Amino acid sequence: MYALVVYESMFGNTQRIARAVAQGLATAGQVEIVEVGSAPAVVDEAVDLLVVGGPTHAFGLTRASTRRSAAEQAAKERLPLVSHGIGLREWLAAVHVPAGTPAAAFDTRVHVPGLPGSAANGAHRRLRKLGLMTTTPSVSFYVTGTAGPLAEGEPERARRWGAEIAARVAAAK
């Protein structure tokens with residue numbers, strides 16, 4: 001199995017989750033992980049699984065305005081900024097992926113019971129509109145605050161989720 005993981009991350013939390021997901025996926029094959037600004041415009045037919053992830057901003061996928069706000073916060077708090085260019089929303093609107101490719105989506109967000117919105121749900125819908133076969137419901141991984149850090153146990157949960165998806169896709173091949 002060959003998996004491609006595309007992520008957007010402002011403060012590094014989503015990047016850490018993407019890496020953990022990739023570790024789980026690697027239990028069943030080769031994995032390429034790439035920040036969305038460097039992601040291919042055309043996904044190769046050799047890709048057996050596409051996994052996308054990003055932070056939840058304003059109840060959904062980031063927009064140019066929410067990325068600017070995050071960049072301002074990063075500068076003010078002297079935090080490194082991971083994603084500097086386009087976001088997952090823009091990439092999904094422009095990418096070409098072979099129809100029927102298995103896919104999955106995740107996000108990072110603050111855990112507040114009853115709080116609506118999820119970047120993963122938005123990405124999941126966009127994957128379906130691209131004609132991809134979503135292999136699992138979207139999933140959220142939690143941070144303790146806007147800039148993080150990740151909640152305890154989330155990287156391990158992400159690795160398990162990646163391994164579960166890998167096993168499911170490998171079994172279907």
Accessible area per residue of the range 18-77 at 1.4 Å probe, in Å²?
-> 48
With the range 93-155 reduced to its Cα atoms and the Debye formula applied, log10 I(q)/I(0) at q = 0.26, 0.27, 0.29 1/Å amounts to -1.03, -1.07, -1.17
Around Ile33, which amide H atoms from residues at least 5 apart in sequence, or from another chain, sit under 5 Å from its own amide H, with H modelled in the peptide plane?
-> Val5
So how do 65-78, 119-132 stack up, highest first, on mean other-Cβ count within 10 Å?
-> 119-132, 65-78
Show the residues, 5+ positions off or on another chain, whose built amide H is closer than 5 Å to the amide H of Val52.
-> Val6, Ala104, Ala105, Phe106
Roughly to the nearest percent, how much of the accessible area of the range 1-138 is carbon and sulfur, given a 1.4 Å probe?
-> 53
Report the Stokes-Einstein translational diffusion coefficient (µm² s⁻¹, integer) for the range 35-101, Rh taken as the Kirkwood radius over Cα pairs, at 37 °C with viscosity 0.692 mPa s.
-> 245
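Within the P(r) computed for the range 53-135, what percentage of the Cα pairs occupies the region above 17 Å?
52
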List the residues whose amide H sits under 5 Å from the amide H of Phe141, counting only those 5 or more places along or on another chain, with H placed 1.01 Å from N in the peptide plane.
-> Asp107, Thr108, Arg109
Kirkwood hydrodynamic radius (C-alpha pairs) into Stokes-Einstein, the range 1-73, 4 °C and 1.567 mPa s, D in µm²/s = 99
Using the Karplus equation 6.51 cos²θ - 1.76 cosθ + 1.60 (θ = phi - 60°), what ³J(HN,Hα) coupling, rounded to whole Hz, does each residue of the range 109-114 give in order, writing x for Gly and Pro?
-> 6, 6, 8, 10, x, x
With 10 Å bins from zero, work out the P(r) of the range 77-122 over every alpha carbon pair and list the percent per bin.
-> 17, 41, 32, 9, 1
Could I get the Rg over Rh figure for the chain? Both from C-alpha atoms, Rh via Kirkwood, rounded to two places.
-> 0.95
Hey, what do the phi angles of the range 130-135 turn into as Karplus ³J(HN,Hα) couplings, whole Hz, using 6.51/-1.76/1.60 and θ = phi - 60°, x for Gly and Pro?
-> 6, x, 8, 9, 6, 8
³J(HN,Hα), Karplus 6.51/-1.76/1.60, whole Hz, each residue of the range 9-17, x for Gly, Pro | 8, 8, 9, x, 5, 5, 4, 5, 5
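The values are calculated or read from the model by the stated rules, or taken from the named source; none is laboratory data. All values reported here derive from a predicted model rather than from experimental measurement. When we count neighbours, we look across all protein chains shown, and the Cβ atoms used for this are built from the backbone with ideal geometry, even at glycine. These area figures cover heavy atoms from the full protein model, side chains too; ligands, DNA and RNA do not enter into them. Shrake-Rupley method; radii C 1.70, N 1.55, O 1.52, S 1.80 Å.
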